[in-house]
Amino acid sequence: MSGFWPDVQVLVGVRKNGTPHYVYPDTTVSCNPTDSHLDNTLIESPQVVVEVISPGTEAKDRGIKFKLYQQRPTLQEIVLVSQFAQHVEIWQRNEQEPDNPKAWLYRHYEAGDTIDLISIGVSISMDDLYQNLHFIENELEDE
């Protein structure tokens with residue numbers, strides 16, 4: 001298993017003109033050995049992608065990128081992480097319908113929970129994920 005940070009492209013398909021179509025998630029995990037060489041800048045078999053949701057990226061992350069991720073057959077989990085509160089959403093491919101790009105299971109996590117990335121056997125507490133980050137209560141309500 002290899003983890004990749006920003007500036008690494010993830011292949012999500014092929015455009016009508018035959019060129020590769022790729023996106024840049026915030027973090028990617030691939031369990032395919034061909035994706036794991038050090039100088040690799042294109043992940044062809046992503047298993048998990050993570051997007052940190054911000055006001056400037058939320059529409060794209062939840063829209064077109066999300067739909068492209070769902071079409072990628074190797075992708076098992078899509079993780080959306082809030083930067084404004086301890087809130088994480090995970091969409092996991094439904095094992096009962098692995099070929100149906102619309103059959104995904106939804107889980108969400110909040111403060112005090114433990115996140116489970118089932119496809120790669122990783123668990124992390126929300127406290128660890130948001131370590132040293134402090135959120136102002138009702139910050140968005142004051143605007």
Subject >> Distance between modelled label sites at residue 67 and residue 32, nm, 7 Å Cα→Cβ extension >> reply: 2.3 nm
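Would you tally the net charge around residue 60, using a Cβ to Cβ cut-off of less than 15 Å, leaving residue 60 out, and scoring K and R as +1, D and E as -1?
With Lys, Arg at +1 and Asp, Glu at -1, the neighbours total -1.
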Original post:
Can you run phi through the Karplus equation (6.51, -1.76, 1.60; θ = phi - 60°) for region 26-43 and list ³J(HN,Hα) in whole Hz, with x for Gly and Pro?
Top reply: 5, 8, 9, 10, 10, 9, 8, x, 5, 8, 9, 6, 4, 8, 5, 10, 9, 8
Original post:
Taking the mean number of other Cβ atoms within 10 Å as a proxy for protection, how do you rank 25-33, 125-133 from highest to lowest?
Top reply: 25-33, 125-133
Original post:
Near the amide H of residue 21, under 5 Å away, which other amide H atoms are found, from residues 5 or more places off or on another chain, if H is placed in the peptide plane?
Top reply: 12, 13, 14, 15
Original post:
Most mobile of 52, 81, 122 per a Gaussian network model of the chain (Cα springs, under 10 Å)?
Top reply: 122
Original post:
If eta is 1.002 mPa s and T is 20 °C, what Stokes-Einstein diffusion coefficient results for region 8-88, Kirkwood Rh from Cα pairs, in µm²/s?
Top reply: 162 µm²/s
Original post:
Hey, rough spin-label estimate for residue 127 and residue 94, points 7 angstrom out along Cα→Cβ, what's it come to in nanometres?
Top reply: 3.6 nm
Subject >> Cβ-based charge dipole, region 2-142, positive-most Cα from 132, 38, 79 >> reply: 38
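Per DSSP H run of n ≥ 4, the term is -39500 (n - 2.57); total these for the chain, divide by its residue number, and report the mean residue ellipticity at 222 nm rounded to 500 deg cm²/dmol. It would help to have the intermediate numbers written out before the result.
Details: 3 runs with 17 residues, N = 143.
The helix-only estimate for the chain comes to -2500 deg cm²/dmol at 222 nm.
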**OP:** Please list the non-local residues whose amide H lies under 5 Å from the amide H of residue 87, H modeled 1.01 Å from N, same-chain partners needing a gap of 5 or more.
**Re:** 82
**OP:** Starting from 0 in steps of 5 Å, tell me what percent of the Cα-Cα pairs of the chain lands in each bin.
**Re:** 2, 9, 18, 21, 20, 15, 8, 4, 2, 1
Original post:
How about region 29-107: which chymotrypsin sites (Phe, Trp or Tyr not before Pro) there are in a DSSP loop, with at most 14 other Cβ atoms within 10 Å of their Cβ?
Top reply: 84
Subject >> ³J(HN,Hα), Karplus 6.51/-1.76/1.60, whole Hz, each residue of region 76-91, x for Gly, Pro >> reply: 10, 9, 10, 10, 10, 10, 7, 9, 10, 7, 6, 8, 10, 10, 10, 10
**OP:** Can you list which of the trypsin sites (Lys or Arg not before Pro) found in region 39-82 are DSSP loop residues with at most 12 other C-beta atoms within 10 Å?
**Re:** none
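Bear in mind these aren't lab numbers, they're just calculated from the coordinates by the rules spelled out. Bear in mind that the values here come from a model prediction, so they are computed numbers and not experimental data. Methodologically, a virtual Cβ is constructed for each residue, glycine included, from the backbone with ideal geometry; neighbour enumeration extends over all protein chains shown.
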